[in-house]
Amino acid sequence: GKIVRTILRCIRANCLKTKRSILSVIYVLVPFVLALAFAGYFHISNWDRTLKISAFLEMMGIIYPFLIGITVGIIAQQESRAGQYQFILSAVPSRVSVYIGEICFLLINSLLFCVVAVACFSLLFPFASINGCIQIIGLLLLGTAPIYLIHFLCAFMFGKSASMGLGIAGSLLAAIMLTGLGDICWQYIPWAWSVRFMDFWCLSVTDRNAYLQSCNSFYGGIIINVMVVLVLFAIGIIWIKLWDGGKEND
């Protein structure tokens, strides 16, 4: 009913606002260029095939937090400049619907980014079946969902600069989580989930026995991931009901 209409209106409004912005470049051009660059290099390099695939998928997980920091920061800035968040603040009866709409818009764009990147790379450097590509996209979406929720709160409370700074720190942390340190604590670090999920996927198709030995860790990470998404979503709903306007985004 009314809630669904508000969510759809919010998604449509965001689509119109970002139609000619840098967000279109980030979500379409960046994954295309990334896939083209990696596939082109892999065709002339003598790396092991498995290493090539894992390198591309891990790089997706590493650069994603930085891109999230930029995109969520830009959206928060647009809301601020469009009347000091009046679109959200004036929607008193349905603030929750607006919040859900904003998150849905971000996740739809995230899906677009993943589909473009994985599909282009797969066409230029065939590495997985359609089913495998769907699994990769699903794991990337699951791994990045909590980061979007964290950045949404950060950007609307502290501004675009804070979101971008957190994005840079998140990308560095994601890279660190591929080392031995990540072996110990990756399940509890949201920025580690995407890169680690990509590693487990690669393991599942290249070394089934090793994957079966470590699948408990993989499934444990997924369970924690889902729980954190639910908790952050609940926190976001409580916050949006109490929020009275964020920091000026600059």
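The values are calculated or read from the model by the stated rules, or taken from the named source; none is laboratory data. Here the structure is a predicted model, which means the values were calculated and not measured. Note that we place each Cβ from the backbone using ideal geometry, even for glycine, and neighbour counts take in every protein chain shown. The protein model used for the area step is the full one, side chains on, heavy atoms only, and it has no ligands, DNA or RNA in it. Shrake-Rupley method; radii C 1.70, N 1.55, O 1.52, S 1.80 Å.
Brief remarks follow.
- Take every Cα pair under 8 Å whose residues are at least 6 apart in sequence, average their separation, divide by the length of the chain, and the relative contact order is 30 percent.
- Relative to the longest principal axis of the Cα atoms of the chain, the long axis of helix 190-206 makes an angle of roughly 30 degrees.
- Dipole in debye (nearest 20) - the chain, about Cα centre, beta carbon charges: Lys, Arg +1; Asp, Glu -1: 860 debye
- Each label was represented as a point 7 Å from its Cα along the Cα-to-Cβ direction; for residue 111 and residue 28 these points are 1.7 nm apart.
- Using the average count of surrounding beta-carbon atoms within 10 Å as a protection proxy, the listed peptides 99-110, 210-221 rank, highest first, as 99-110, 210-221.
- In this label model, residue 37 and residue 157 are separated by 3.3 nm, measuring between points 7 Å along each Cα→Cβ vector.
- Of the peptides 153-161, 13-21, the ranking by mean beta-carbon count within 10 Å, highest at the top, reads 153-161, 13-21.
- Computed FRET value (nearest 0.05) for residue 217 with residue 168, which takes r as the C-beta separation and R₀ as 30 Å: 0.60
- Distance between the pseudo-spin-label points of residue 210 and residue 119 (7 Å out from Cα toward the beta carbon): 3.2 nm.
- If you take all other residues with their beta carbon under 9 Å from the beta carbon of residue 178, and give Lys and Arg +1 and Asp and Glu -1, the sum is -1.
- With θ taken as phi - 60° and the Karplus curve 6.51 cos²θ - 1.76 cosθ + 1.60 applied, the whole-hertz 3J(HN,Hα) list for region 102-107 is 4, 5, 4, 4, 5, 5 Hz, x standing for glycine and proline.
- Euclidean distance between Cα centres, region 104-140 to region 171-228, Å: 18 Å
- Cβ-based charge dipole, region 141-250, positive-most Cα from 159, 200, 243: 243
- Straight Cα distances below 20 angstrom link residue 241 to the lysines 2, with same-chain residues fewer than 8 positions distant left out.
- Which of 98, 25 is most accessible, then next, and so on - probe 1.4 Å: 25, 98
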